[in-house]
Amino acid sequence: MSATIPAANHRTSISAKGSLMLPEDTPVQAQNPHENALELLAIAARHLQLDPGIHEILKHAERELTVNFPVKMDNGTMKTFTGYRVQHNIARGPSKGGLRFSLGATIEEVRALAMLMTWKCAIVNIPFGGSKGGVLCDPKQLSVGELERLTRRYTSEIGILIGPDTDIPAPDMGTNAQTMAWVMDTYSMSKGRTVPAVVTGKPVSVGGSEGRNDATGRGIVFVTREALREYGKRLADARVAVQGFGNVGGATARIFHEMGARVVAVSDAGGGLYNPNGLDIPALLECANRDGTLTTHTGGKPISSAELLELDVDVLVPAAIENQITGDNAHRIKAPIVVEGANGPTTPEADRILRDNGVFLVPDVLANAGGVVVSYFEWVQDLQFFFWQEEEVNAKMEAIMVHAYRDVRQTARREDVDMRLAAYIIGVSRVAEAATIRGIYP
Ligand code: NAD
């Protein structure tokens with residue numbers, strides 16, 4: 001193992017670039033996800049000298065649907081759940097965005113995530129707008145039957161918005177390929193024919209794409225490889241910590257492991273494990289599948305998820321939930337490279353502290369876009385009923401992710417801004433251009 005990357009608080013040539021992310025007068029306690037999203041849009045709009053009318057359009061979601069719907073529970077009672085589907089913008093194509101089952105899935109959160117999807121699709125230059133869905137629930141407290149009935153009723157309630165050429169859901173927190181199969185089946189039943197392209201992230205047996213399960217994680221590893229290269233490092237030289245061990249974190253840790261990086265720490269909601277010599281990730285995945293948590297495994301020293309964030313590693317990937325790196329802990333982050341696997345894991349205040357400390361941060365809208373890129377491939381395959389091999393999927397995704405990374409990096413250098421603002425400059429300007437060229441109806 002060669003020498004480690006300089007610790008984060010030693011400024012590097014990479015991190016010396018870009019200091020315009022958040023002005024000093026930005027309200028540092030803004031933790032409402034939608035306020036954060038609007039603040040980021042405002043900074044990009046200022047930088048682009050965006051037409052105020054276009055900025056005003058982009059501040060608002062185009063459509064928001066709230067649904068309150070009943071579900072029969074296993075014990076014979078009935079429970080009413082609240083869900084949302086928000087379409088932020090469709091200037092560049094049908095809207096695309098995940099479906100989340102979580103106790104945090106409020107309208108504010110879903111609205112913010114829909115906007116994030118608009119920028120993300122534009123940054124990787126795929127022909128989609130942005131949307132998001134959510135149901136307020138704790139999926140861990142529901143049986144498989146209850147989850148299926150909840151998914152089917154929610155799908156039916158939002159059926160007026162979704163469709164293969166209008167709005168295409170995908171998995172997110174608390175949902176998976178099985179959930180997407182239920183969405184596809186419910187929508188198809190309402191149409192009287194099979195409509196696989198209504199949703200992505202499905203099992204391969206019902207029109208899913210090879211490579212989709214791992215896509216977000218694989219994309220994270222590709223952009224990490226690009227970031228490490230700037231430090232003269234290879235994946236094989238890197239010590240990595242991954243917070244979160246679900247769809248995204250689990251695949252990220254496994255692909256890092258497969259590609260030769262040393263994954264020294266991982267965590268889930270129950271806690272984490274640390275082993276400076278590297279963890280046995282396949283064994284941990286098996287354990288998490290079996291026990292529902294990785295914390296029952298004995299292959300490392302137990303640590304908390306908060307401690308994981310502050311480890312002395314080369315790369316930190318927060319891939320669990322929002323607001324994990326905050327004003328309270330940002331100055332203790334030692335990793336020189338942070339790659340945001342989750343959406344919104346870093347608060348605006350933390351962003352500024354990390355930047356001041358010389359941390360090179362690859363933002364969520366770029367880092368975790370591999371999932372939506374392969375969702376785009378899945379949609380294309382479903383529309384054509386013509387399916388690709390996994391190698392082809394992975395290679396095409398890698399090309400898009402590397403191109404997007406370089407695009408953002410070049411913009412960061414040219415505009416002398418950090419990677420988040422550079423990504424927003426690209427995303428917002430592409431959407432603004434589409435909105436301007438299309439014109440305002442009528
Ligand atoms: P998931 O529900 O599959 O997994 C979430 C993981 O985080 C679980 O392992 C859970 O135990 C863990 N967790 C929850 N609270 C934690 C805490 N306090 N500390 C440590 N771990 C904690 O969700 P996911 O699909 O992996 O999504 C994770 C994040 O990635 C979300 O922000 C999501 O929006 C984003 N994302 C997901 C996808 C996708 O394809 N699924 C794509 C892009 C972005």
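Observations on the structure shown:
- Mean residue ellipticity, 222 nm, helices only, the chain: the sum of -39500 (n - 2.57) across DSSP H runs of n ≥ 4, divided by residue count and rounded to 500, is -14000 deg cm²/dmol.
- Charge context of F128, other residues only, Cβ under 13 angstrom, K/R +1, D/E -1: +2
- Net charge of neighbours whose Cβ lies under 13 Å from the Cβ of E390, counting Lys and Arg as +1 and Asp and Glu as -1: -3
- Taking the range 215-367 and dividing mean pair separation by its residue count, relative contact order in percent (alpha carbons under 8 Å, at least six apart): 21 percent
- Dipole magnitude of the range 314-442, debye to nearest 20 (Cβ charges: Lys/Arg +1, Asp/Glu -1, about Cα centre): 420 debye
- Other residues with beta-carbon under 11 Å from the beta-carbon of A241 carry, at +1 per Lys or Arg and -1 per Asp or Glu, a net charge of -1.
- According to the Cα-based calculation, Rg over Rh for the chain is 0.95, with Rh computed by the Kirkwood formula.
- Over all pairs of different C-alpha atoms, the range 215-367 has a mean inverse distance whose reciprocal, the Kirkwood radius, equals 14.8 Å.
- Cα-Cα over 24 Å, subset of K79/K140; K120/K191; K120/K202; K79/K120; K140/K334: K120/K191; K79/K120; K140/K334
- Fraction of beta bridges assigned by DSSP in the chain that are antiparallel (%, nearest 5): 50 percent
- If the chain linking K140 and D416 were pulled fully straight, counting 0.36 nm for each residue of separation and taking away their Cα-Cα distance, it would gain 94.9 nm.
- Fluctuation leader among K396, K132, K120 - the chain, Gaussian network, Cα springs under 10 angstrom: K396
- Neighbour counts of other Cβ atoms within 10 Å put L273, L316, L161, L65 in the fewest-to-most order L65, L161, L273, L316.
- GNM on the chain, alpha-carbon springs under 10 angstrom: the most fluctuating residue among E210, E157, E56 is E56.
Bear in mind that the values in this text are calculations on the coordinates, not laboratory data. Keep in mind that what you see is a predicted model, and the values were worked out from it rather than measured. Heads up, the Cβs are rebuilt from the backbone with ideal geometry, glycines too, and the neighbour counts pull from every protein chain shown.
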